[in-house]
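Please read the structure below before turning to the comments.
The values are calculated or read from the model by the stated rules, or taken from the named source; none is laboratory data. A quick note: this is a predicted structure, and the numbers were derived from the prediction, not measured. Ideal geometry is used to build each Cβ from the backbone, glycine not excepted, and the neighbour counts take in all protein chains shown.
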Amino acid sequence: MRSALITVISAALLVFFSTGCDQTAQDVAEMKTDTMVSFKGRNIDLKPYVEGWPYYGFKPSYDAGKLFYYHQDSTTSLKMLDLEGEMAFGDGTVISDIDFSKRNVWGMKYRKADGKLYWSGDEVNDEVINLYRLDPSNGHIEKLTDVPYIFGWSWDPSETKIAYIARLGSKEERLSELRVLDIESGEEEVIMKDVPEYRLLWGTPSWQPDGEGVVLHVARNAHRTKGNLIYADLKSKTWKLITDPEQNRYFPSVDETWLDDETMIVYSNEDGFVNLYRYNMANKQYAQLTSFTRDISDSEILEINGRKMMFIVLSNPIENDVLLMDLTSGQMVHQEKMDVNVSILDARDNQLLISTNSASKKFRIDEMQVRSEKFISSVKVDLPEDLRNKITHARVERVEYPTFDIDPESGKPRMLHGFLYHPKNPLPKEEQLVAIHSFYGGGNRFSNRTQILAEAGIYVFSPAPRGSFGFGKEFMALNDGDLGGNEIIDVIYAAKFVSEKLGIPASRVGVTGGSHGGYATMRLLTFPGEINGNEASFDWGFGISHAGFSDIVHFYENCNIPDWVTQEAGDPATEADKLRDRSPLYHADKMVGKLLLTHGTNDSRVPIEGSRWMADSLRAYDKDVTLVEFEGQGHGIKGLDNTIRNYNVWFDFLEKIN
């Protein structure tokens, strides 16, 4: 698709105990850094997970004839290998002396004209996002822009210019601009500024084939459900709306490949799911091309036998299909079911490089020949079989469970989807634990952490509460403006379901999550028992929150995604009392169970103060809380040492659960 769809997350380790005492620097230095962790008399070797396949972030390029990827060791290096022939990843050429565990890199692309790599990212995990260029021949990195944040970028058809969306300022005072950068000279010009009614937001600019203009995503009144498309004329520096502003849709986008100078392919979920639309700028005709009841998660326009075809990936957490559609007639030419998720990495002629994974399969890269009558795949990169056996310790069961409300379509209790991971070697019955993943769960994807917990004998349940992706726009919107509300009750019902199904008491059932899920974890352990007129409770045994926010208003005032807060929670200007009431910080006295908080000190998405304040407040009420800070880390935890330490922290904490 080469365009964004609707889908949108260190040397010093400080540990704060529930008593309020800080761990000393000497204690930190003496912490375990080997790969063996102990739990309930078991020894779990993390090495197969963190070192057995220390490669990730694969970016193959047919134009370069190379595969670019990261190798995590004592530092995280960026390497490259020839696409053809046997791939010995350990022998890849290091192309930069940067430790990439200390920075974010998003959307890496190879430019054939100069043989260099381009990406948007930061330098110290702080999400000050700019454009960078790396020369693989000498490792030299250039910073191409200097703005607080870049929402999205793309180069023109000749790859001589870059259109990017720069966010300036912050919160309600922020201003976003469309800028065009000349790649060779470094000169740039501002094409347009957004206005309060139509705010430039995340999305990839799509260039008109003749280079005369670009199409951009804007959010009406800064609301994510009010996504629209505008056309910006680069010569006149004017713009016009090309979609119906009254229609609700999330993050519409335009394929990078147009059908001709006037006709674009649009991705939009205005009918409930991400489908294809065609828009002609000359006659302003907008036509729906597909009516799938599952989202298009990826796609690529190919030319096969002289016809423009689109290879489409349809997916939700339950099932996946790949199909080929004739763009002229709209006819579905060929379709196949897949038991794995499929993502397109690169394309050439009628060939695709695709990555595949699922809840039980970690990773594979295939090369696929797309023909009108069949798809022929061959394995390009796969995990060694002995490693697959070492890192797969759970049997995956897809389940449905009833939540508290009625499904308006069926008139029966609403059923929610989830994946239940059964450890192949569970703990003795009287010691069994279950960790519930929130928020967002239910995804059909492999998780090292889930498999590590399974190897330790712990059950993991990953439910998809309302607001989760993959079940259409309507389901995803059920929690809009209701953060901390009915979505929380969905997770409580998940806990009740799995506790009864497995016969594990509430005292040994916990919840884990990061970011929104970190907030949800704290909210669940401090839930007051009623919301929206609905009563629910669960006597949680434990919670593990990473990078969570404990005060919604403070989060809004200090994060870099304030529009997310207004969509999910409400407007702090008019609903501050409601947001504070739904903030775990103000219900700390109600906390049940034990709570582990982890957070990176450089997190700009969710500032660390939220976790610090929560820990202080819980200590004041003599609650059992542990706070672990990861120095220099951002919204996630990166690097081998930090990863191993994080697992040590988890198992030290879980050892205390009775």
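If I ask for residues that are within 23 Å of the chain's Cα centre (by Cα) and part of a strand (DSSP E or B), which ones from segment 279-310 would you list? Break it down stepwise before answering.
So in segment 279-310, the residues within 23 Å of the chain's Cα centre (by Cα) come out as 293-300.
Scanning segment 279-310 gives ASP295, ILE296, SER297, ASP298, SER299, GLU300.
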Please give the number of the condition ALA506 fails out of (1) surrounded by fewer than 18 Cβ atoms within 10 Å (Cβ to Cβ); (2) modelled with pLDDT under 95.
(2)
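On the basis of being crowded, with 16+ Cβ neighbours inside 10 Å and farther than 22 Å from ARG523 by Cβ, does TYR421 make the cut?
Values: crowded, with 16+ Cβ neighbours inside 10 Å: yes; farther than 22 Å from ARG523 by Cβ: yes.
Here the answer is yes, as TYR421 does meet what is asked.
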Looking at GLY518 and the list (1) farther than 19 Å from ARG414 by Cα; (2) surrounded by fewer than 21 Cβ atoms within 10 Å (Cβ to Cβ), which single condition is not satisfied?
(2)
Qualifying residue in segment 248-264 (condition: touching a helix residue (DSSP H, G or I) at 6+ places or on another chain (Cβ under 6 Å) and either polar (S, T, N, Q) or over 18 Å from TRP153 (Cα atoms) (or both)):
no
Taking only pairs six or more apart or across chains, which ones have beta-carbon atoms under 8 Å, a first residue in segment 382-403 that is in the same structural domain as ARG414 (by TED's automatic domain parsing) and within 30 Å of VAL491 (Cβ to Cβ), and a second residue that is basic (Lys, Arg) and in a helix (DSSP H, G or I)?
VAL399/LYS501
Which residue, of ASP622, ASP616, ASP603, is part of a helix (DSSP H, G or I), of a type in the set (Asp, Glu) and not assigned by TED's automatic domain parsing to the domain that holds SER77?
ASP616
Please verify whether segment 109-116 includes one or more residues that are modelled with pLDDT under 95 and on the phi > 0 side of the Ramachandran plot.
no
Matching residues, segment 248-268, being buried (at least 22 other Cβ atoms within 10 Å of the Cβ) and part of a strand (DSSP E or B):
ARG249, SER253, VAL254, MET264, ILE265, VAL266, TYR267, SER268
Per the filter on segment 354-379, residues surrounded by 15 or more Cβ atoms within 10 Å (Cβ to Cβ) and either hydrophobic (A, V, I, L, M, F, W, C) or in the same structural domain as ALA454 (by TED's automatic domain parsing) (or both) are ILE354, ALA359, PHE363, ILE365, MET368, VAL370, PHE375
With within 24 Å of LEU259 (Cβ to Cβ) and of a type outside the set (S, T, N, Q) as the only criterion, which of ASP298, ASP407, ASP382, ASP339 stands out?
ASP298
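Does at least one position in segment 444-454 carry a residue that is assigned to a strand (DSSP E or B) and either surrounded by 16 or more Cβ atoms within 10 Å (Cβ to Cβ) or under 25 Å from the mean Cα position of the chain (by Cα) (or both)? Give the steps one after another, and end with the answer.
Kept after step one, since they are assigned to a strand (DSSP E or B), are these residues of segment 444-454: none.
Scanning segment 444-454 turns up no residue that is assigned to a strand (DSSP E or B) and either surrounded by 16 or more Cβ atoms within 10 Å (Cβ to Cβ) or under 25 Å from the mean Cα position of the chain (by Cα) (or both).
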Report every pair of residues separated by at least 6 positions or lying on different chains whose Cβ atoms are under 7 Å apart, first residue within segment 288-309 and in the same structural domain as ASN269 (by TED's automatic domain parsing) and at negative phi, second among the basic types (Lys, Arg) and in a strand (DSSP E or B).
LEU289/ARG278
In segment 546-569, residues that are more than 15 Å from PHE439 (Cα to Cα), touching a Gly at 6+ places or on another chain (Cβ under 8 Å) and assigned to a helix (DSSP H, G or I) total 4
Select, from ALA569, ALA588, the only residue that is crowded, with 22+ Cβ neighbours inside 10 Å, closer than 30 Å to SER176 by Cβ and assigned by TED's automatic domain parsing to the domain that holds GLY529.
ALA569
Of (1) within 26 Å of PHE273 (Cα to Cα); (2) assigned to a helix (DSSP H, G or I), ASP482 fails just (2)
Considering only strands (runs of 3 or more DSSP E) fully contained in segment 318-375, which possess at least 3 residues that are under 15 Å from PRO60 (Cβ atoms) and touching a Ser or Thr at 6+ places or on another chain (Cβ under 9 Å)?
341-348, 351-357, 364-370
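In segment 455-476, which residue that is part of a loop (DSSP other than H, G, I, E, B) and among the aromatic types (Phe, Trp, Tyr) is nearest to the chain's Cα centre (by Cα)? Give the derivation first.
Within segment 455-476, the subset part of a loop (DSSP other than H, G, I, E, B) is 456-458, 464-472.
The next check asks that each one be among the aromatic types (Phe, Trp, Tyr); those that pass are 469, 471.
Details: PHE469: 11, PHE471: 16 Å.
The qualifying residue nearest to the chain's Cα centre (by Cα) is PHE469.
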